[in-house]
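**Student:** First the structure, which I've put down as structure tokens, then a few questions once you've had a look.
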2 protein chains.
Amino acid sequence: MMSDLLTERDAWSMANCSIARTLEIVGTRAALLIMREAFFGTRRFDDFAKRVGIGEPAASARLKELTAAGLLERVPYQEPGQRTRYAYQLTDKGRDFLPVLVALRQWGDTWAADEQGPAVVVRHKDCGAAVHAVLRCDDGHDVQLGDSFVDAGPGLIRVGPDRPEPGGE
Amino acid sequence: MMSDLLTERDAWSMANCSIARTLEIVGTRAALLIMREAFFGTRRFDDFAKRVGIGEPAASARLKELTAAGLLERVPYQEPGQRTRYAYQLTDKGRDFLPVLVALRQWGDTWAADEQGPAVVVRHKDCGAAVHAVLRCDDGHDVQLGDSFVDAGPGLIRVGPDRPEPGGE
DNA sequence: TAGCTGGCTTCAGTAAACATAAGTCAGCTA
DNA sequence: TAGCTGACTTATGTTTACTGAAGCCAGCTA
């Protein structure tokens, strides 16, 4: 679980952290639940507010952020006898967020589940079996928990020396 | 991406939602970044505050919540010539959260990346190849984006009728 | 025993994310 | 043209998550 890199954790900066940068966009409860709803198929403003359980101003703010960030797009639609309206729908960028939601749901199902079982299940279109998020390496191996370690990437910013962590693994 | 269930989305309640329940525990930016640091090997109070970039009161509050929720545990340790101190370390419940962080990092690497590439890479212990979160169904098939749909689970609470979503897929 | 240090807690204030309620506006229907 | 509806926006207030600075306590070292 640990590499030598971690013994010099203070030697690198988190200024360039993909997790932190992702959370700048979807770091609120409401934004993540709006993404959940978008995957459930919700498209209309009022429905987002109602189904996420937030007020309209909050829905407006979060939808605007997610649209500006490119996870959702406003597309015009027209129902017969109605004027043109706009629906919020997932872009490719937004659709690619599904693994995060599946992983969150999966953790909740495992560790914070209701007695009655999960409310919703994501299924594979082809076979109908339940879908899970799993870890896999580029060589194609399944990666079990504890079988991975954190390494420096090309964008790592080093800033100074470090002291060792207590205990060790 | 959509099932017939979604055309009756208002017929089910999200009172029993694993994603929402998970976000009750780790729904803040600081809590998620503390979990990131825990996987990086950080164990001491001051280091969490410094490396996450939050104040000590915020670190204290979030660490207390994560400990109470069982993702972290306070374990005593003693360095030579020092008194007994406590370190925060991941429990099984906390370690099982890794796929969420991998998925978040992966999305950030893809869609909000720095020009220089990612700061850190998670690697497989056995082969050193980079680790990714992928979706797989219980029948063992890889699930591509768009090849899944949302279905009712046993814990679904139905509440009333619905109106159709605009547009359709 | 007097400091020093790590690991917090307390205090006071700010900022962000929310709530509720009311208002606006476009354009279809009557 | 007058109302109605969906989709917002605006106004105001509350709650939650933070910040910085200071204080406290245990126990090791001098």
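The values are calculated or read from the model by the stated rules, or taken from the named source; none is laboratory data. Owing to the predicted nature of the structure, the values given are computational and were not obtained by experimental measurement. In this analysis, Cβ positions are derived from the backbone assuming ideal geometry, glycine residues included, and neighbour counts consider all displayed protein chains. Calculation scope for accessible area: heavy atoms of the full protein, side chains included, ligands and nucleic acids excluded. Shrake-Rupley method; radii C 1.70, N 1.55, O 1.52, S 1.80 Å.
**Student:** Can you give the three extents of the C-alpha atoms in the stretch A:69-114 along their principal axes, from longest to shortest, in whole Å?
**Tutor:** Here the Cα extents, ordered largest to smallest, are 48, 25, 12 Å.
**Student:** Going 7 Å from Cα along the Cα-Cβ axis for the label, what nanometre distances separate residue A:50 from the same residue across the other copies?
**Tutor:** Here residue A:50 shows inter-copy label distances of 5.2 nm.
**Student:** Quick check: pseudo-label points 7 Å beyond the Cα along Cα→Cβ at residue A:142 and residue B:116, how many nm apart are they?
**Tutor:** The modelled label-to-label distance comes out at 3.8 nm.
**Student:** Using the alpha-carbon centroid of each, what span in Å lies between the stretch B:88-123 and the stretch A:116-133?
**Tutor:** Cα centroid of the stretch B:88-123 versus Cα centroid of the stretch A:116-133: 24 Å apart.
**Student:** At residue B:110, label 7 Å along Cα→Cβ: distances to the other copies, nm, ascending?
**Tutor:** 2.1
**Student:** Describe numerically, in nm with one decimal, the distance between label points set 7 Å from Cα along Cα→Cβ at residue A:15 and at residue B:46.
**Tutor:** Each label point lies 7 Å from its Cα, and together they span 2.4 nm.
**Student:** Straight-line reach only, C-alpha to C-alpha below 20 angstrom: list the lysines that residue B:64 could link to, leaving out same-chain residues fewer than 8 apart.
**Tutor:** B:50, B:93
**Student:** Along Cα→Cβ at 7 Å, what distances in nm separate the residue A:67 label point from those on the other copies, shortest first?
**Tutor:** Copy-to-copy label distances at residue A:67, shortest first: 4.5 nm.
**Student:** Roll a 1.4 Å probe over the protein chains and send me the accessible area per residue for chain A in Å².
**Tutor:** 44 Å²
**Student:** Which values of log₁₀ I(q)/I(0), to two decimal places, follow from the Debye formula for the stretch B:4-154 at q = 0.19 Å⁻¹ with a uniform point scatterer at every Cα?
**Tutor:** Result of the Debye calculation: -1.30.
**Student:** With only alpha-carbon atoms in the gyration tensor, what are the semi-axes of the equivalent ellipsoid for the protein assembly as shown, in Å, largest first?
**Tutor:** Each semi-axis is the square root of five times an eigenvalue, giving 37, 20, 20 Å.
**Student:** Can you tally the net charge around residue A:29? Count Lys and Arg as +1, Asp and Glu as -1, for every other residue whose Cβ sits under 12 Å from the Cβ of residue A:29.
**Tutor:** +3
**Student:** From largest accessible area down, sort A:91, A:110, B:28; use a 1.4 Å probe on the protein chains.
**Tutor:** Order by accessible area, largest first: A:110, B:28, A:91.
**Student:** If you don't mind, another one. Given a 1.4 Å probe and no ligands, DNA or RNA in the count, how much accessible surface is buried by A and B, both sides, to the nearest 100 Å²?
**Tutor:** For A against B, buried area totals roughly 9900 Å².
**Student:** Compare B:122, B:52, B:102 in a GNM of chain B, Cα atoms joined below 10 Å, and give the one with the largest fluctuation.
**Tutor:** B:122
**Student:** Further question on the same structure: Within a Cβ distance under 13 Å of residue A:15, other residues only, what is the Lys/Arg minus Asp/Glu net charge?
**Tutor:** For residues surrounding residue A:15, the net value is +1.
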